[in-house]
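Here the structure is laid out as structure tokens; the discussion comes afterwards.
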Amino acid sequence: MKRRLILSLFYMGLIATIVSMLATVFVYQSTMSTEIKENLANELRLLKIGYEKLPQSENLKDFSAENFRITLIDPSGKVIFKSDADAEKMENHLDRPEIIAALETGKGSDTRISSTLGAEV
């Protein structure tokens, strides 16, 4: 009887620990996702201000970095500039959810596996 009680308490503790860990991961991921989106929006505002002062779009390369990619797309979906790939070889982006939303509302975002990087972006 004592052994059964100890095992029951052990399993209850184990289940509580697993549930707590899952809840913590979910909350952390959600919080980090929100923070990343806010930081990106701030960086894009700064980039927009800088871009408006540039004499030509080729100078956008100066803004990009290894962990900060830039893609400039015209209203028809044609890639004008891509910091980490050849813009001429890029497919039209007009059918992407973030582009559709941006054209409709002024801003858009999406998370997917990038065909250029082969990783989630």
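The values are calculated or read from the model by the stated rules, or taken from the named source; none is laboratory data. Quick caveat: nothing in here was measured; it's all calculated off a predicted structure. All Cβ positions, glycine included, derive from the backbone under ideal geometry; neighbour counts span all protein chains shown.
Number of residues in the stretch 86-116 that are aliphatic (A, V, I, L, M), within 19 Å of LEU44 (Cβ to Cβ) and at pLDDT below 80: the value is 1. Flag: LYS37 matches the condition of being in contact (Cβ under 8 Å) with a residue 60 or more places away in the chain and either surrounded by 10 or more Cβ atoms within 10 Å (Cβ to Cβ) or aromatic (Phe, Trp, Tyr) (or both). Is it the case that some residue within the stretch 64-71 is more than 21 Å from the chain's Cα centre (by Cα) and either outside the structural domain of ALA41 (by TED's automatic domain parsing) or at pLDDT below 80 (or both)? No, because not a single residue in the stretch 64-71 is more than 21 Å from the chain's Cα centre (by Cα) and either outside the structural domain of ALA41 (by TED's automatic domain parsing) or at pLDDT below 80 (or both).
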